[in-house]
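Below is one structure; the comments refer to it alone.
The values are calculated or read from the model by the stated rules, or taken from the named source; none is laboratory data. Because the structure is predicted, anything quoted here is derived from the model rather than measured. Virtual Cβ from ideal backbone geometry, glycine too; neighbours counted across all protein chains shown.
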Amino acid sequence: MRASQFLIATIKETPADAEVISHQLMLRAGMIRKLATGLYTWLPMGLRVLRKVEAIIREEMDNSGAMEVLMPVAQPAELWQESGRWEQYGAELLRFNDRHGRDFCLGPTHEEVITDLIRNEIKSYKQLPATFYQVQTKFRDEIRPRFGVMRSREFIMKDAYSFHNDQESLQATYDVMHAAYSRIFTRLGLDFRPVIADTGSIGGSGSHEFHVLASSGEDDIAFSDTSDYAANVEMAEAIAPAGERPTPNQTMARVATPNTHTIGEVSALLKLNAEQILKTLIVYGEEDENGKQDLIALVVRGDHQLNEIKAEKIAGVASPLTFASEEDIVATLGCKPGSIGPAGLNIRVIADRSAAHSSDFVCGANEDGFHLTGSNWDRDAAFTETADIRNVVEGDPSPDGQGSLLIKRGIEVGHIFQLGTKYSEALNASVLNENGKDQVMTMGCYGIGVTRVVASAIEQNNDDKGILWPASIAPFEIAIVPLNMQKSERVREHAENLYDTLRGLGYDVLLDDRNERPGVKFADMELIGIPHRIVIGDRGLDNGMLEYKNRRAADNEDIAIDDVVDFIQ
Ligand code: ATP
Ligand code: MG
Ligand code: MG
Ligand code: MG
């Protein structure tokens, strides 16, 4: 590719609204542009990376025996009603009507659609096991779209679904997928860990998440410092030995002066009945024209699975509560900032997602009523506070009984589930078994956040000049930067020759033939993160030399013109 004919849309300044480094660098390197909240256009430079990530994923999926399909983004409500998720899924599911008034949604995931397909296409146990995958756009109306493509509303996922006669066959495919995921993330050059996970709203039995370790991650992962135990914090908490959990009294000891309310009082405050309080509720603030909300969410839960904070606005809340400010929340709920509530029922209020500042209100319950407390935290310190209301904290013993726990931040880039018969039962997807009887299929599903992977790779590979792409997914592998090409015929000739030679060898080469100063070209190539740079100038050519620089190396090297091809290879 010639840079003069390619959109190099680099930006010098760090965009003000980009909080994490990957978002900043994707904008600065001209990879993506924002269309609206959580919606991004991929520019030519970014798309080259995305396509390389997709190619690696496709290759490993094909090698593992999965068949590629492509399902629609728009899905009819009937299928979701059949699975029961039309009611359960909540506000992340974007619903709409067609011109005939029929209900549809934009697919946040495709269990229903694939199960519907397979119940019609596969009739015999002899056709199983079978695994299908797609690389396709998903839509989730995320409550907190942020960090660019890391948590967007529209994103690309590789989702795969497997169908089986029995659990044993599911386990075998699950293990194959686990291994394929490890190969994929290794080939993508990521520092990752598979961790034991719970199955969230999808349901089912076994599950692992694949996390890229990065301080900007939104998930906490619990590791043992001695064994190879690794789980997401919610899972570690769910299986932590009961005896090791702080008792309500221990947690209560941290509460200076809790406000106590009866369920009746809280119902009155929140204008909800007691049953609704014990379910999950999120109250949304109005979005302003910049897509910002004053108040994001008020979550009431009957247990402490904090990952469910992403849960839904339950049906039946006629007029959501909205608050103008934190003071307003404190006044309405009677919370006292600066203290942490006991474990038990949690009320969390997350305010002002745009700033590096949020508020966290925690409500604990015991026989004599609710204890509402509140606290503020900085975004960066968020987990010190939330850790306080968890039962799993750093230095607790590890749930596997070996060593003590370390907690690190991770970005969830992949998730594999054993679904069992949850969807096949609901949608009546069965095959005829050996005895000629109907038998419900057993299912697994396997997701990778393709667009999120690109951001994660940048989180782990950057320096003060820009991106340091892992070679396998760099938009271009080699940049040729000719100096004074417009004037020097000799430089032009050498640059063109080398460009042809390297392309002929199958490399992705960017020839920076723009009429720009060398400093501008160098800065752009470094920001974009091209692994190899070859500079061609008259002075070097006088001595038969080119200048080579590896993006990860501190210094340049001089290489004889005749050696350059061997050197790169
Ligand atoms: P998260 O916990 O980050 O919200 P999830 O558990 O809801 O993700 P899954 O349903 O497991 O997501 O979907 C499979 C994969 O899709 C995730 O592992 C993640 O890599 C990716 N993904 C999910 N939501 C988003 C999003 N809003 N933007 C980009 N990628 C996403
Ligand atoms: Mg989610
Ligand atoms: Mg998750
Ligand atoms: Mg997940």
When the residues of region 207-225 are narrowed to those that are away from ligand 2 (no atom under 16 Å from the Cβ) and hydroxyl-bearing (Ser, Thr, Tyr), which ends up nearest to the chain's Cα centre (by Cα)?
Ser216
With Gly65, Gly101, Gly107, Gly84 as the choices, which residue is away from ligand 1 (no atom under 16 Å from the Cβ) and touching a strand residue (DSSP E or B) at 6+ places or on another chain (Cβ under 9 Å)?
Gly65
With criteria (1) more than 16 Å from ligand 4 (Cβ to nearest atom); (2) under 19 Å from the mean Cα position of the chain (by Cα); (3) not in a strand (DSSP E or B), Val453 comes up short on (1)
If we keep only residues of region 58-111 that are under 24 Å from the mean Cα position of the chain (by Cα) and small (Gly, Ala, Ser), then the residue farthest from Gln127 (Cα to Cα) is Ala91
Collect the residues in region 523-550 that are farther than 18 Å from Gly46 by Cα, touching a residue at least 24 places away in the same chain (Cβ under 8 Å) and surrounded by fewer than 18 Cβ atoms within 10 Å (Cβ to Cβ), keeping them in residue-number order.
Asp538, Leu541
Taking region 86-111 and the residues there that are in contact (Cβ under 8 Å) with a residue 60 or more places away in the chain and not aliphatic (A, V, I, L, M), the one that is nearest to Ile156 (Cα to Cα) would be Thr109
For region 156-189, give me each residue that is among the hydroxyl-bearing types (Ser, Thr, Tyr), assigned to a helix (DSSP H, G or I) and over 17 Å from the mean Cα position of the chain (by Cα).
Ser169, Thr173, Tyr174, Thr186
Can you tell me which condition Leu419 does not meet? The list is (1) at negative phi; (2) part of a loop (DSSP other than H, G, I, E, B), and all the others hold.
(2)
Members of region 10-51 that are in contact with a His (Cβ under 9 Å, 6 or more places away or on another chain) and more than 17 Å from Arg153 (Cβ to Cβ)
Pro15
Any idea which of (1) over 23 Å from Met441 (Cβ atoms); (2) touching a strand residue (DSSP E or B) at 6+ places or on another chain (Cβ under 7 Å) is the one Gln167 doesn't satisfy?
(1)
Matching residues, region 408-439, being without any contact (Cβ under 8 Å) to a residue 40 or more places away in the chain, farther than 30 Å from Pro194 by Cα and polar (S, T, N, Q):
Asn435
Here is a check on your reading of the model: is Asp116 surrounded by fewer than 17 Cβ atoms within 10 Å (Cβ to Cβ), at pLDDT 95 or above and at negative phi?
no
Restricting attention to region 122-148, and to residues there that are under 25 Å from Glu218 (Cβ atoms) and among the aromatic types (Phe, Trp, Tyr), which single residue is surrounded by the fewest Cβ atoms within 10 Å (Cβ to Cβ)?
Phe139
Looking only at residues in region 409-449 that are of a type in the set (Val, Ile, Thr) and more than 14 Å from ligand 4 (Cβ to nearest atom), which one is nearest to Ile122 (Cα to Cα)?
Val431
Which of the following residues is at pLDDT 95 or above and surrounded by 20 or more Cβ atoms within 10 Å (Cβ to Cβ): Ala36, Ala29, Ala9?
Ala29
So which of Leu427, Leu468, Leu498 is over 29 Å from the mean Cα position of the chain (by Cα) and either surrounded by 17 or more Cβ atoms within 10 Å (Cβ to Cβ) or modelled with pLDDT of 95 or more (or both)?
Leu498
Hey, can you tell me all the residues within region 124-140 that are outside any helix (DSSP H, G or I) and either aliphatic (A, V, I, L, M) or away from ligand 3 (no atom under 16 Å from the Cβ) (or both)?
Ser124, Leu128, Pro129, Ala130, Thr131, Phe132, Tyr133, Gln134, Val135, Gln136, Thr137, Phe139
Looking only at region 126-181, which residues are under 18 Å from Phe210 (Cα atoms), among the small types (Gly, Ala, Ser) and more than 16 Å from ligand 4 (Cβ to nearest atom)?
Ala179, Ala180
